[in-house]
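Here the structure is laid out as structure tokens; the discussion comes afterwards.
The values are calculated or read from the model by the stated rules, or taken from the named source; none is laboratory data. Please read all numbers here as calculations on a predicted model, not as lab measurements. A quick note on method: Cβ atoms are made from the backbone with ideal geometry, for glycine too, and the neighbour counts reach across all protein chains shown.
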Amino acid sequence: MALDTRTDRRPSFTGLLWHSTVGKKTAMAVSGIVMLLYLVVHMLGNLKIFFGAADFDAYAAWLRTIGEPFLHHEWFLWIARVVLLAAVLTHAVAAYQLSRRDIAARPMKYSHKRHRASYATRTMRWGGVILGLFLVWHILDLTTLTVNPRAASGHPYANVVATFSTWYGNVVYIVAMLALGLHIRHGFWSAAQTLGANRPGRDRVLKTTANLLALLLTVGFVSVPVAVMTGLVS
Amino acid sequence: MTAYTDYPTGAPVVDTKAPEGPIAERWDTRRFEAKLVNPANRRKHTVIVVGTGLAGGAAGATLAEQGYHVEQFCYQDSPRRAHSIAAQGGINAAKNYRNDGDSIHRLFYDTVKGGDFRARESNVHRLAQISVEIIDQCVAQGVPFAREYGGLLDTRSFGGVQVSRTFYARGQTGQQLLLGAYQALSRQTAAGNVNLHARTEMLDVIVVDGRARGIVARDLVTGRIDTYFADAVVLASGGYGNVFYLSTNAMNSNATAVWRAHRRGAYFANPCFTQIHPTCIPRTGDHQSKLTLMSESLRNDGRIWVPKAKGDARSPKDIPEDERDYYLERIYPAFGNLVPRDIASRAAKNVCDEGRGVGPGGQGVYLDFADAIARMGKAKVEEKYGNLFDMYARITAENPYEVPMRIYPAVHYTMGGLWVDYDLQTTVPGLFAIGEANFSDHGANRLGASALMQGLADGYFVLPSTINDYLARNPHHDEVDAGHPAAVAAVRETDERLAALLAVDGDRTPDSFHRELGELMWEYCGMARTEEGLRKALDRIPQIREEFWRRIKVPGTGEEFNQSLEKANRIVDYLELAELMCLDALHRAESCGGHFREESQTPDGEAARHDEEFSYVAAWEHGGSGGRPPGEHSAGTGAAPTLHKEDLVFEYVHPTQRSYA
Amino acid sequence: MRLTLRVWRQQNPDAPGAMATYDVDGISSDMSFLEMLDTLNEKLILAGDDPVAFDHDCREGICGACSLVINGDAHGPERTTTCQLHMRSFKDGDTIDVEPWRAAAFPVVKDLVVDRSAFDRIIQSGGYITAPTGAAPEAHATAVPKPAADTAFEHAECIGCGACVAACPNGSAMLFTSAKVVHLNSLPQGAPERESRVLDMVGRMDAEGFGGCTNTGECATACPKGIPLFSITTMNREFVRAARKGR
């Protein structure tokens, strides 16, 4: 007489995901990968700056025309912005909720301290916060131009040069990009773990890919302020 | 009061439940004759199960599946930690998957013979029959037995048996089988059919009008003592090897449940039948708290030796070949290092007693793989025994590939236990005992890989069938609650015993008494026993007990988590049980299986049985009343128990004397 | 050897706790760590003090009862259980910190003893195959490919000690839960309950107050039985698959 040991609930896919730690991590992994893909494109686009102001500004203008005539002017950009905003919010909200949970799950620290996990792993939370703050500044600086006193709409090349002509612009940007590198280094491999994509034979490939991605993105992004500082771009 | 050794002999005890007829049909006959409980009525019955090892876990899960309500107890923090988990080797089953001539009858024959003709044929045959179903059951539960490349189950030969009938999961068979039972139990716990009481230790049985109706148990976290009631009580609390202090049992394995049941009227059968395993890691000093077993498969390729000269302190490497005594090969040229467990153990003791033992305290012999490494190569040895070598290296910090291992026998299993009939019911109606807690199937010596088989057979198949008969024939008990005089008395006695332990406030720790008792038992009631030694022990035990109640120191209170109190209370029972073990060993003036009386040996030094005189089960009835104040009763010389004999009849396997020379 | 021990003492679940310092002398390097604590306790009892409470039982590394964080490491510096750690891993004069498992889901009972019943409840929520006694088909009716059998065994080795939770900075029980999910889900016998098992067990794990996994890998490093980190990866995959399919 085996008795049924479960109730017959049948929650939705999204409900199951959002209400469990594993599901929230899945949401973080997916949103993280969306952002990562965007960053790769963003970084490659940034490198256009080395071809001069005309090229770079034309590229920026072209971004607004993607999808025309099917899409209206700038619509693609707005769609991308909405998707990215959703990704950022999902990532941040899930991270916030999970972090609160994790901290509550380990209310008492060991009195004997020792670290084994890598620096990148241990700095995911603060790295995320730094990146979040940077994002706000970055948008205010180069998208809305609110905090970029010498900026002028429609002249992205000049605006970039203006930003990296100040010491604090360089410091903020470079620190954030180093944080980004660390974040991706653990985040990419972690996403693969979370999505169940890792396997014994694949672990090294994934870790190497994570390191390469982190390195390429950091170097790629940092190359712009360095170029401005060294006068290569002016 | 008569002296303890002047025990009276009472009426024979008879197993009234075992059916007559051809042995292969008896189990079917019994199941048919047994009354059943209507499925709709089962939920009205509560069964208490004490212990969550292979027997208890399997029984609790199965009874709950049948529809009974189960109250399940374990002293551990989780049912998954019961000591069945430590069994390494495997589980026997007469599947004959190898087509190597195995059969139910052969397993039956091997077990009766291996038990040196001191087990009941009916029980053993049933065990062999059920062995086949156990494997099916465990595989269905997802127990990851070793498999061959074709996906079918692998088996191996174990303990010198000529057929490969042992199923295994690397060296963790006990763990995997236990987790299977634990998971089945967990499923029933979630379904609300099992009410689990972890960290709760049974301290007494409540017997009302001659029937077991409940238990007294202590919540080990809060110290609260409570009563629990049921229609039947099942003890699955394991063996009593920890009487010896050092054994391969878990630290907290104890005899309290069975001993308290014994004091409430359950007969204790063959208490002197203890098994000593030859291949354990020797102790390193007085700090030693327990011993670790290594699979006896090591004897397949290792050679056992000691130096020829007494007190030879040279490193084994420096002892030349002609100064070594490969004593098993010398004494038993036909079987060599593969003689049965009891013989290998005793031979090791003999050479150490001669002063030729090796290692700290001279309590060890070498188990040397140098020849095996030369013959098979290190890689092959590593493949076969790597995990055992690693375990040895971790514990001893010696590299067994370079230096011979040191081994010494250790107490491992107790064949004796509560007397039960074919239905596994004790002499107290409604009180059942299963697994190592009962005495039923192994006679005077248990074969390797048979303990797991018996625990699961009892738990999954035998008890859940036979308990119906008792419950059906005793349908409407009066309600019993904590206010019943029997319950009040049992709780009061328990309270008083614990209070007495706390009140002594002496100058010796519980462990110091346990160690003292253990050394005494090992010396006089261990591998080889003599009348003189046993009498010495029987004189000494009451003295230790008296000293215990005068000098024990138990810190703290009873109303809290108090591991010293738990320990001390278990020692109270060991101090009484040890006496019965010695008495049983004294009275059985023959050698059989794990019980070796030096007075009774063949000319070539082997165990000599005396079937005409001792072909019976010795079932002891407790002599003292349970009602006296605990301190007074336990400190004094116990009243002599009464011996009840159950004659053993062999219709199918005819007793022969073992010979390995 | 002479050692200084700093041990967490806490009278009961509600009492505040603190580290207390003890000196122990005459320690042999052949002693196990728990035998060293036995020695301390014998001394404490005779001095009229309360001995240090700690969980232990088989002392062979298989029951999973022992559970000490030694110098910040679950089960101490060697990859084994506390009971199989020997004093030869330490030096004369060392100071050793001994603490209980720390996790909200494992409240302290006394001193170094914690309540791990949350693990039992996780198993109760689905860590089994429904196979009532007597209903089993012949054992050879279903062949299990050796790789699947080996994977199942590798994960079934978990002893439920909780070192993974103790080592995890988030107090997560992912490795424990995944070990059971992967054990049962990789066998054909476990297939009928494959989806409900992972969903229910993860749900129970969350409800018990364990943290989430941030893939630090500390659990697998601390695991005395070598349950691999990939166990968690596989469970994640099973979870998303099950969530998609429904139960």
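Scan region B:198-217 residue by residue and report those that are under 16 Å from C:Val109 (Cα atoms) and either at pLDDT below 95 or part of a strand (DSSP E or B) (or both). Result: B:Thr200, single match. Looking only at residues in region C:136-151 that are within 7 Å of chain B (Cβ to nearest Cβ), more than 18 Å from C:Pro228 (Cβ to Cβ) and among the aliphatic types (A, V, I, L, M), which one is surrounded by the fewest Cβ atoms within 10 Å (Cβ to Cβ)? The residue in question is C:Ala143.
Would you confirm, using the coordinates I've provided, whether A:Arg185 is under 16 Å from A:Phe221 (Cβ atoms) and charged (D, E, K, R)? Yes. For the residues C:Arg247, C:Arg204, the requirement of being at pLDDT below 95 and either in contact with a His (Cβ under 6 Å, 6 or more places away or on another chain) or of a type outside the set (Gly, Ala, Ser) (or both) singles out C:Arg247.
Name the residue that is nearest to the chain's Cα centre (by Cα), counting only residues in region A:110-122 that are free of Cβ contacts under 8 Å to residues at least 60 places away in the same chain and more than 7 Å from chain C (Cβ to nearest Cβ). That would be A:Arg122.
Within region B:394-440, the residues that satisfy the criterion of being under 21 Å from B:Leu577 (Cβ atoms), outside any strand (DSSP E or B) and either touching a Gly at 6+ places or on another chain (Cβ under 7 Å) or acidic (Asp, Glu) (or both) are B:Met415, B:Thr427, B:Val428, B:Ile434, B:Gly435, B:Glu436, B:Ala437, B:Phe439.
Would you check which residues across region C:207-225 are more than 9 Å from chain A (Cβ to nearest Cβ), within 15 Å of A:Arg101 (Cβ to Cβ) and touching a helix residue (DSSP H, G or I) at 6+ places or on another chain (Cβ under 6 Å) and list them? Scanning region C:207-225 gives a single hit, C:Glu208. If you go through region B:215-243 and keep only what is hydroxyl-bearing (Ser, Thr, Tyr) and surrounded by fewer than 22 Cβ atoms within 10 Å (Cβ to Cβ), you end up with just B:Thr222.
Looking only at region C:152-184, which residues are facing another protein chain (nearest Cβ under 9 Å), assigned to a helix (DSSP H, G or I) and not aliphatic (A, V, I, L, M)? Listed by number, the residues that qualify are C:Phe153, C:Glu154, C:His155, C:Lys180, C:His183. Do the conditions hold for B:Ala250, that is, is it under 27 Å from B:Leu463 (Cβ atoms), under 25 Å from the mean Cα position of the chain (by Cα) and within 14 Å of chain C (Cβ to nearest Cβ)? Considered against the rule, which asks whether it is under 27 Å from B:Leu463 (Cβ atoms), under 25 Å from the mean Cα position of the chain (by Cα) and within 14 Å of chain C (Cβ to nearest Cβ), B:Ala250 comes out as yes. Inclusion of B:Gly159 among residues that are touching a Pro at 6+ places or on another chain (Cβ under 9 Å), in a loop (DSSP other than H, G, I, E, B) and surrounded by 21 or more Cβ atoms within 10 Å (Cβ to Cβ) is warranted.
C:Pro228 falls short of the stated requirement of being outside any helix (DSSP H, G or I), within 11 Å of chain A (Cβ to nearest Cβ), touching an Asp or Glu at 6+ places or on another chain (Cβ under 7 Å) and closer than 28 Å to C:Val69 by Cα. Which residue is surrounded by the fewest Cβ atoms within 10 Å (Cβ to Cβ), if the candidates are limited to region B:600-615 and must be touching a strand residue (DSSP E or B) at 6+ places or on another chain (Cβ under 8 Å) and not in a loop (DSSP other than H, G, I, E, B)? Taking the candidates together, the pick is B:Gln601.
Apart from one condition, A:Ser153 fits all of (1) surrounded by fewer than 20 Cβ atoms within 10 Å (Cβ to Cβ); (2) within 19 Å of the chain's Cα centre (by Cα); the exception is (2).
Listed by first and then second residue, the pairs linking a residue in region B:129-158 that is over 17 Å from C:Ala148 (Cα atoms) and at the interface with chain C (Cβ under 8 Å from one of its Cβ atoms) to a residue that is of a type outside the set (Ser, Thr, Tyr) and outside any helix (DSSP H, G or I), with Cβ atoms under 6 Å apart and 6 or more places separating them unless they lie on different chains, are B:Ile135/B:Ala93; B:Ile135/B:Phe167; B:Asp136/C:Ala136; B:Asp136/C:Glu138; B:Gln137/C:Ala136.
Residue-by-condition table, conditions (1) at positive phi; (2) in contact with a Leu (Cβ under 8 Å, 6 or more places away or on another chain); (3) among the hydroxyl-bearing types (Ser, Thr, Tyr):
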{"site": "A:Lys25", "(1), (2), (3)": "no, yes, no"}
{"site": "A:Leu37", "(1), (2), (3)": "no, no, no"}
{"site": "A:Leu44", "(1), (2), (3)": "no, no, no"}
{"site": "A:Asp57", "(1), (2), (3)": "no, no, no"}
{"site": "A:Gly67", "(1), (2), (3)": "yes, no, no"}
{"site": "A:Leu85", "(1), (2), (3)": "no, no, no"}
{"site": "A:Ala94", "(1), (2), (3)": "no, no, no"}
{"site": "A:Asp102", "(1), (2), (3)": "no, no, no"}
{"site": "A:Pro107", "(1), (2), (3)": "no, no, no"}
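In a strand (DSSP E or B) and within 14 Å of chain C (Cβ to nearest Cβ), is that true of B:His287? No. Residues of region B:291-305 that are assigned to a strand (DSSP E or B) and either β-branched (Val, Ile, Thr) or out of contact with any His (no Cβ under 7 Å at 6 or more places or on another chain) (or both): B:Arg303, B:Ile304, B:Trp305. If the condition is being aliphatic (A, V, I, L, M) and surrounded by 24 or more Cβ atoms within 10 Å (Cβ to Cβ), then region B:419-446 contributes B:Val420, B:Leu424, B:Leu431, B:Ala433, B:Ile434, B:Ala437, B:Ala444.
Please count how many residues of region B:509-518 are under 20 Å from C:Asp50 (Cβ atoms), more than 8 Å from every other protein chain (Cβ to nearest Cβ) and surrounded by fewer than 21 Cβ atoms within 10 Å (Cβ to Cβ). Selection size over region B:509-518: 0.
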